[in-house]
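Chemist: Please see the structure below; I have some questions.
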Amino acid sequence: MGLALGLASANVASEDAAVPPVLQAQLLAKVAAYDKNFEARAGERAQVWIVVRPGDDTSARVGKAMQKELGTQATVGGVAHDETLLAYPGATALADKIKKSKVAIVYFAPGFGDQVGAIRDALAGGDVLSVSAVPEHVPQGIVLGFDLVSGKSKLLCHLGQAKKQHVAFKAEVLKLMKVYE
């Protein structure tokens, strides 16, 4: 079983999700409950936005797969949820939309390697859990990601950015994560 999810279009550098969307969805549904601020952020029904890069076939494919897999989860972080697939409108516009719509989680499909810095900066000061399909995005400032280490899934967390986005993971889950500052 290959884990590589294909190549991006010629316009965007290739990025792969190290962990299949089915496992990412299961992990995200569980780990969100360990964010001390998640329940307040989510309210009665958590809004989860899955952002895809326009023109990137891999991004679209992974985004749709993640939407489908999250839809099979009874709850995310212990809360009922809705998933929305969204074409990336740019970092500042996305941050504005997130604030206005009270989005609890924003998930980035592959294809955002050149945008992670702008996304990180735009989401700082907001109240949202950012998640990436691509493990390399976490050290650059996405709060949560997934990787495979020796064939086992590993959670990744950018603790500095988590604080800037009002995400506060409990110590018991942080012990299980590879943490970046």
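Chemist: Based on the Cβ-Cβ distance of residue 84 and residue 114, what FRET efficiency does E = 1/(1 + (r/R0)^6) give at R0 = 25 Å, to the nearest 0.05? Intermediate values should be presented prior to the final figure.
Modeler: Details: r = 24 Å, r/R0 = 0.94.
Computed FRET efficiency for residue 84 and residue 114: 0.60.
Chemist: Mind checking which lysines have their C-alpha under 29 Å from residue 68, skipping anything on the same chain fewer than 8 residues away?
Modeler: Candidates past the 8-residue exclusion: 30, 36, 97, 99, 100, 102, 152, 154, 170, 178.
Chemist: Taking square-rooted eigenvalues a ≥ b ≥ c of the alpha carbon gyration tensor, is the range 65-155 rounded, prolate or oblate, where a/c under 1.5 means rounded and, failing that, a/b exceeding b/c means prolate? Please list the in-between numbers first.
Modeler: Details: a/c = 1.74, a/b = 1.09, b/c = 1.60.
In terms of gyration-tensor shape, oblate.
Chemist: Write down the radius of gyration of the chain and its Dmax, each obtained from C-alpha positions, in Å.
Modeler: Looking at the chain, its Cα Rg and Dmax stand at 14.6, 42 Å.
Chemist: Using r as the Cβ-Cβ distance of residue 152 and residue 97, and R0 as 25 Å, what FRET efficiency do you calculate, to the nearest 0.05?
Modeler: Values: r = 35 Å, r/R0 = 1.42.
My answer for the efficiency is 0.10.
Chemist: Based solely on its DSSP helices, what 222 nm [θ] is calculated for the chain when runs of n ≥ 4 H residues each add -39,500 (n - 2.57) and the sum is averaged over all residues, nearest 500 deg cm²/dmol? Walk me through the numbers on the way to the answer.
Modeler: On the way: 7 runs with 60 residues, N = 181.
For the chain, the value works out to -9000 deg cm²/dmol.
Chemist: Express the relative contact order of the chain as a whole percentage, based on alpha carbon pairs under 8 Å and six or more residues apart in sequence.
Modeler: Working: 385 pairs, mean separation 42.1, N = 181.
After rounding, I find 23 percent.
Computed from the coordinates by the stated procedures, all read-outs in this text should not be read as laboratory data. Everything quoted here is computed from the prediction, not taken from an experiment. Cβ coordinates were reconstructed from backbone atoms using ideal geometry, including for glycine residues, and neighbour counts include every protein chain displayed.
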